[in-house]
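K.L.:
Got a structure for you, written out below as structure tokens; questions coming shortly.
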Amino acid sequence: MASRAIVPQHENNGEVKLKNALADGRNRRVLQDIGNFVNERAAAQGKKPITEGAVVVAQAVKGVQRKQVDKPKPENVIVISSDEKSEKSKHVTKRQGSSRKDVKSLTSILSARSKAACGLVNKLNDSIENIDGADAGNELAVTEYVDDIYKFYKLTEDEGRVRDYMDLQPDINAKMRSILVDWLIEVHRKFELMPETLYLTMNIVDRFLSMKVVRRKELQLVGISAMLVACKYEEIWAPEVNDFVFISDNAYAREHVLVMEKTILDKLEWCLTVPTPYVFLVRFIKASVPSDDKMEDLVFYLAELGLMQYPSAVSYCPSMLAAAAVYAARCTLGESPLWSETLKHHTGYSVEQLIECAKLLVKFHSTAAESKLKALYRKFSSPDRNAVALLAPAKCLLPIAIHDGEC
């Protein structure tokens, strides 16, 4: 009988130990939790059964599943309110999936708290409407800063304002300026430019004429060069220099326009960010509630009449010219009241302060049809402008009328 070879067991001891170690490793879940536990058990008992490791893994899996099923408990958070009455902290439940609109920005909270600390927050009169309420969710409307922005405009508008300068110009007069503005309005409409561009153009023209003597034959050159600068500042797609040369019937060469452009910028020291009547018109029209397209077109018509006429352009600051245009438009359309508390609050002017400027604008309105300068009249006689130039002017603001307080 053949004898069988017997393999000594000690030769495979290393391999068996390796297999057991791998099995123990597969049964481990987390190094911090299970690893230390296994080592302690192994040290105490000398050997850990595989079934015991499987039970531990099964219990760990059940624990993880139980944690996933359990719903998170609502957290109690403190919401800081900007209202004066909410000085005490309010406890509310934070819900998952809550809309972002319900959450106030940190900036709005800090601004409201800062104003409250300074004693600047007072409850508005019930007659003053919140004209920015509809734009609360519009980040571009910057409703948190808009009041401060217009306060800054009011403080700085005198820096870009011009005074009576015609005595410094021996070769031009106020009538020539009106002819230039009328022609620039036609050019502005031909190029389909932004409204802001026209107002900035006239601001640049007046400021330059108040600093430098200009010959009569160069006045139109100043006008097109100023509009070129304003277009580069305001427009997305500005007309080219050759466009202005062409529209001026080649009265000036391209080089003349470029030289004048540089001269204007040097004289103004490149200061082009100034409050024009347009920035106030946008705000004051919004405060003139209720307002519609007809009201808006009439306000702009009266404002541009004041822009074209030299006496009103140099006698009144931009904010007053804009506010007077709104008041004259409301008188023309018979709005009631003629001047509300909301308008008084946002413009900062009373009727007594605006009446003289408003009368001047209505006077320009009454004589526009007979004037030889027809560009502005044609612009606002078109149907797309609600033909507001054809409306009868406010009789209560005409010089011949006896003002009885109502139009």
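K.L.:
Looking at (1) touching a residue at least 24 places away in the same chain (Cβ under 8 Å); (2) farther than 25 Å from Val146 by Cβ, find the lone condition where Phe300 falls short.
P.N.:
Every listed condition holds for Phe300 apart from (2).
K.L.:
Which residues, counting only those in segment 270-290, are part of a loop (DSSP other than H, G, I, E, B) and hydrophobic (A, V, I, L, M, F, W, C)?
P.N.:
Within segment 270-290, Trp270, Cys271, Leu272, Val274, Val289 qualify.
K.L.:
Take the residues in segment 343-367 that are crowded, with 20+ Cβ neighbours inside 10 Å and of a type in the set (Val, Ile, Thr); name whichever of them is farthest from the chain's Cα centre (by Cα).
P.N.:
Applying the filter and picking the extreme gives Val362.
K.L.:
For segment 236-269, give me each residue that is of a type in the set (Asp, Glu) and part of a loop (DSSP other than H, G, I, E, B).
P.N.:
Residues satisfying the conditions are Glu240, Asp249, Glu269.
K.L.:
Confirm whether Val229 is within 26 Å of Val162 (Cα to Cα), touching a helix residue (DSSP H, G or I) at 6+ places or on another chain (Cβ under 8 Å) and not in a helix (DSSP H, G or I).
P.N.:
So Val229 fails the test.
K.L.:
Could you list, in sequence order, the residues of segment 211-247 that are among the small types (Gly, Ala, Ser) and touching a Leu at 6+ places or on another chain (Cβ under 8 Å)?
P.N.:
Listed by number, the residues that qualify are Gly223, Ala230, Ala238.
The rows are residues; the columns are (1) in contact (Cβ under 8 Å) with a residue 40 or more places away in the chain; (2) in contact with a His (Cβ under 9 Å, 6 or more places away or on another chain); (3) surrounded by fewer than 15 Cβ atoms within 10 Å (Cβ to Cβ).
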| position | (1), (2), (3) |
| --- | --- |
| Lys151 | no, no, yes |
| Leu155 | no, no, yes |
| Asp171 | yes, no, yes |
| Met176 | yes, no, no |
| Glu196 | yes, no, no |
| Tyr199 | yes, no, no |
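K.L.:
If I go through segment 125-141 residue by residue, how many of them are surrounded by 12 or more Cβ atoms within 10 Å (Cβ to Cβ) and in a helix (DSSP H, G or I)?
P.N.:
Adding up the residues that qualify gives 2.
K.L.:
What residue, of Leu373, Leu281, is touching a residue at least 12 places away in the same chain (Cβ under 8 Å), surrounded by fewer than 21 Cβ atoms within 10 Å (Cβ to Cβ) and not small (Gly, Ala, Ser)?
P.N.:
It is Leu373.
K.L.:
If Asp243 satisfies every condition in (1) touching a residue at least 12 places away in the same chain (Cβ under 8 Å); (2) more than 20 Å from His188 (Cβ to Cβ); (3) out of contact with any helix residue (DSSP H, G or I) (no Cβ under 8 Å at 6 or more places or on another chain) but one, which is the exception?
P.N.:
(2)
K.L.:
While we're here: Please specify each residue of segment 227-240 satisfying the condition of being farther than 21 Å from Val274 by Cβ and either in contact with a Ser or Thr (Cβ under 8 Å, 6 or more places away or on another chain) or in contact (Cβ under 8 Å) with a residue 40 or more places away in the chain (or both).
P.N.:
The first filter runs over segment 227-240 and keeps only residues farther than 21 Å from Val274 by Cβ, leaving 237, 239-240.
Scanning segment 227-240 gives a single hit, Pro239.
K.L.:
Which of the residues spanning segment 210-226 are polar (S, T, N, Q), closer than 18 Å to Val274 by Cβ and assigned to a helix (DSSP H, G or I)?
P.N.:
Hit for segment 210-226 is Ser225, nothing else.
K.L.:
Oh, and also: Going by the conditions given, is Val187 touching a residue at least 60 places away in the same chain (Cβ under 8 Å) and closer than 21 Å to Lys379 by Cα? Don't jump to the end; show me each part of the working.
P.N.:
Values: touching a residue at least 60 places away in the same chain (Cβ under 8 Å): yes; closer than 21 Å to Lys379 by Cα: yes.
When the stated conditions are applied, Val187 passes them.
Read the figures in this text as sums done on the coordinates, not as results from a lab. Note that the structure is a prediction, hence the values are computed from the model and not measured. No Cβ is skipped: glycine too gets one built from the backbone with ideal geometry, and neighbour counts run over all protein chains shown.
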